[in-house]
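To keep things clear, I will list the structure first and then write my remarks on it.
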Amino acid sequence: WRSEQQNIVQTNNLVQSGVYVIYKGEYNDDTTSKIALSDHSPFQKIFAEMYYPDSEIIEVSSAKECLDAVKYGTASCTFFNTGRAEKYLAQNEYEMLNRLSINNNTYFCIGVKKGNNVVYSLLERGLALIDKSSMTNAIYKYTDSGIEYSLSTFIRNNLSIVLGIAALIIGLICIVAIMLAISLKRIKQQKNKDLENLNITTRQKEELEKAKIELQNAVTLAEQANFAKTSFLFNMSHDIRTPMNAILGFADLAEKHQDDPEKVQDYIKKIKESGDVLLSILNNVLEMSRIEKGTIFIEEQAWSIEQFTDSMFSMFNEQMVQKGLTFEKTVNVEHNYIYCDPPKIREIFINIIANAYKFTDKGGKVSLIIDELPSDKENQAFFKITVSDTGKGMSEDFLPMLFDEFAREKNSEKNTIEGTGLGMAIVKRLVDLMNGSIEVKSKLNEGSSFIITIPAKIASKEDVTIYSKREVTEDEFKGKRILLAEDNDINAEITETILNEEGFEVERAEDGLICLNKVKEKPAHYYDIVLMDIQMPNMNGYQASEAIRNLEDKEKSTIPILAVTANAFEEDKRQAIASGMNGHISKPIVVRDLIKALANTLGKQL
């Protein structure tokens with residue numbers, strides 16, 4: 001609330017710190033009656049207001065004066081975070097003060113003035129890459145900058161060490177003076193000879209060795225970066241080839257059978273399913289760093305097991321037939337509808353089935369079997385999904401390393417098959433994230449079986465189809481006018497067509513500047529809502545939104561704005577809100593989600 005009042009947007013919390021109450025004597029009910037607070041510390045003031053509203057406040061001008069007030073009895077206590085308290089109380093002048101950890105924490109974040117989106121975006125992305133321990137060390141390192149140590153304080157705190165060092169220095173000076181006096185003549189005689197024979201100094205050798213080590217480190221880092229880039233590209237190719245093959249294959253079939261509407265409709269459905277899979281794969285690959293950091297979470301929705309098996313079968317069956325493989329599916333379940341995370345489920349089994357396809361020769365068989373296991377928990381079931389093949393199999397020595405990143409068995413025959421070895425590592429982490437388990441059975445030249453057991457809450461058919469049951473009357477959005485800010489002609493055509501079919505009138509602006517001028521030129525309420533792309537020439541979506549919000553005409557400046565963009569990360573959504581937008585819709589556009597967002601923003605209840 002205070003940040004909003006001061007027009008500041010906060011990053012995510014970086015680290016947290018405990019809080020000490022610092023007092024003199026014994027801790028009792030009167031210890032917090034008079035609290036010394038620095039007028040430069042909002043943290044102290046906020047903490048006191050929240051937890052000790054009835055206490056008397058003694059305002060001073062610095063942290064040191066807070067401690068002095070407690071030391072000399074002007075105040076009964078003060079508050080410091082643990083890092084600063086440890087540093088100050090280590091000084092002798094405050095050795096009579098006591099500290100007590102209270103069961104509250106304070107959090108550190110970075111504040112950016114609202115509207116400074118470039119700095120905010122860079123901070124959010126950069127801070128996401130820094131681990132917590134490094135962040136904590138940095139915070140406490142710079143805590144020292146608020147404490148002034150004098151020479152007298154250092155000597156008083158370390159008197160015995162200072163005296164020992166002084167005696168040692170005096171002794172060394174005496175020894176050096178004697179040695180210099182004795183060796184002065186010899187040094188002069190050897191000087192010319194040393195200059196003639198000296199090819200390289202010790203210092204130069206050390207610098208040369210240091211430069212060599214730095215060069216070796218640079219080469220190692222470059223090789224690691226190049227390997228990571230190559231692995232990433234190969235992994236992208238490996239994962240997207242299967243759904244892409246299905247999309248292209250069914251598109252060709254739809255073109256050949258244009259006179260058979262039923263077949264074309266089926267092909268279009270399968271193209272859309274494979275397109276959804278392709279999108280989920282791209283999202284997962286781009287979110288690899290988030291998986292590594294543990295910031296990916298399960299997003300459950302109602303789903304059909306029958307739909308899952310059909311989509312997996314249709315995606316791979318054509319390839320299996322072309323290679324001469326038999327692909328079978330078997331479903332033995334009592335509950336067909338469950339709550340799960342469909343994109344992550346698909347990602348798991350695309351990896352496993354794709355591997356079965358790659359490592360099984362012509363004439364072999366791949367099978368997908370789903371069994372429901374009994375459960376003693378109400379409204380929950382366990383599902384065992386088995387993918388088996390009669391392919392090349394794996395050795396017993398390799399099985400313990402199967403789920404390691406970049407793991408591939410050293411076998412000349414297998415090495416001719418493309419792949420990075422990242423797929424199984426992703427599978428294991430996603431299964432763990434779902435509280436499931438995975439077991440692998442394999443023998444060389446006899447095939448492999450992957451058995452995955454996953455718990456899931458039971459859903460109903462109504463839960464799966466609830467969104468599709470929304471009835472929209474022809475005049476529900478009739479007369480509503482949308483200003484569409486979109487620089488890409490194809491995207492604009494798709495979006496306009498979708499909106500026109502729902503009854504909207506659509507006007508287009510080719511960039512953010514044109515969008516701003518149209519809002520200025522038209523009377524208030526001429527446009528009911530703005531759909532704003534982000535990456536546009538002349539003025540991007542963030543800048544255009546901020547400019548609209550700053551218009552003097554309040555009726556125009558408050559027009560609803562929805563971001564419609566391919567910038568789909570969580571920080572992009574926060575940046576859209578920070579720039580003044582009312583919501584965020586990611587591309588590719590899902591018609592249901594777009595209409596729902598428009599209806600909600602325009603005050604309609606779906």
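The values are calculated or read from the model by the stated rules, or taken from the named source; none is laboratory data. Just so it is clear, the structure is predicted and the values come from calculations on it, not from any experiment. So basically every Cβ, Gly included, is an ideal-geometry build from the backbone, and we count neighbours across all protein chains shown. Just the protein is used for accessible areas: all its heavy atoms, side chains included, with ligands, DNA and RNA removed. Shrake-Rupley method; radii C 1.70, N 1.55, O 1.52, S 1.80 Å.
Normalised per residue, the accessible area of the range 513-567 is 46 Å², obtained with a 1.4 Å probe and no contribution from ligands, DNA or RNA. When the residues Leu399, Leu168, Leu444, Leu37 are ordered by accessible surface, computed with a 1.4 Å probe over the protein chains alone, the sequence from largest down reads Leu168, Leu444, Leu399, Leu37. Cross-link pairs exceeding 28 Å in C-alpha to C-alpha distance, out of Lys358/Lys443; Lys329/Lys443; Lys113/Lys596; Lys272/Lys443; Lys365/Lys457; Lys45/Lys87, comprise Lys113/Lys596; Lys272/Lys443; Lys365/Lys457. Between Met50 and Asp432, the FRET efficiency estimated from the beta carbon spacing at R0 = 35 angstrom works out to 0.35. Ligands, DNA and RNA excluded, the heavy atoms of Ile298 present near 60 Å² of accessible surface to a 1.4 Å solvent probe.
Taking a straight line from the alpha carbon of Lys441, these aspartates and glutamates sit under 14 Å away, with near neighbours fewer than eight places off in the same chain left out: Asp389, Glu396, Asp397. Excluding same-chain neighbours fewer than eight residues apart, the aspartates and glutamates reachable from Lys34 by a Cα-Cα span under 18 Å are Glu26, Glu49, Asp54, Glu56, Glu59, Glu65, Asp68. Here Lys520 is the anchor, and the aspartates and glutamates within straight C-alpha reach of less than 13 Å, apart from those fewer than 8 places off in the same chain, are Glu552, Asp553, Glu555.
Local charge sum around Asp276 (other residues, Cβ-Cβ under 12 Å, Lys/Arg +1, Asp/Glu -1)?
Net charge in that neighbourhood comes out at +2.
Using the Cβ-Cβ distance between Leu602 and Asn317 with R0 set to 41 Å, the FRET efficiency from 1/(1 + (r/R0)^6) comes to roughly 0.40. Here each label is just a point 7 Å from Cα along the line to Cβ, and for Glu378 and Gln265 those points are 4.2 nm apart. Residues of the range 93-125 with amide nitrogen under 17 Å from the 7 Å Cα-to-Cβ point of Lys71? Flagged as within label range: 93-99.
Give me the extension gain from Ile182 to Leu163: residue separation times 0.36 nm, minus the current Cα-Cα distance, reported in nm with one decimal. Kindly include the intermediate steps, with their values, before the conclusion.
Working: separation 19, 0.36 × 19 = 6.84 nm, distance 2.90 nm.
That works out to 3.9 nm of additional length.
Using a Förster distance of 30 angstrom, determine the FRET efficiency expected from the C-beta separation of Leu127 and Leu215, and round it to 0.05.
Values: r = 31 Å, r/R0 = 1.05.
For R0 = 30 Å, the calculated efficiency reads 0.45.
Near Ile490: Cβ cut-off under 12 Å, other residues only, Lys/Arg at +1 and Asp/Glu at -1. The net charge is -4.
Where a ≥ b ≥ c are the square roots of the eigenvalues of the C-alpha gyration tensor, would you call the range 53-114 rounded, which needs a/c under 1.5, or, failing that, prolate if a/b is larger than b/c, or oblate? Cα axes put the range 53-114 in the prolate bin.
Work through the residues other than Lys384 whose Cβ is under 11 Å from its Cβ and net out their charges, Lys, Arg +1 and Asp, Glu -1.
On the way: positive: none; negative: Asp371, Glu372, Glu439.
With Lys, Arg at +1 and Asp, Glu at -1, the neighbours total -3.
Per-residue extension of 0.36 nm, minus the Cα-Cα distance of Ile57 and Ser33, leaves a gain of 7.8 nm for this segment.
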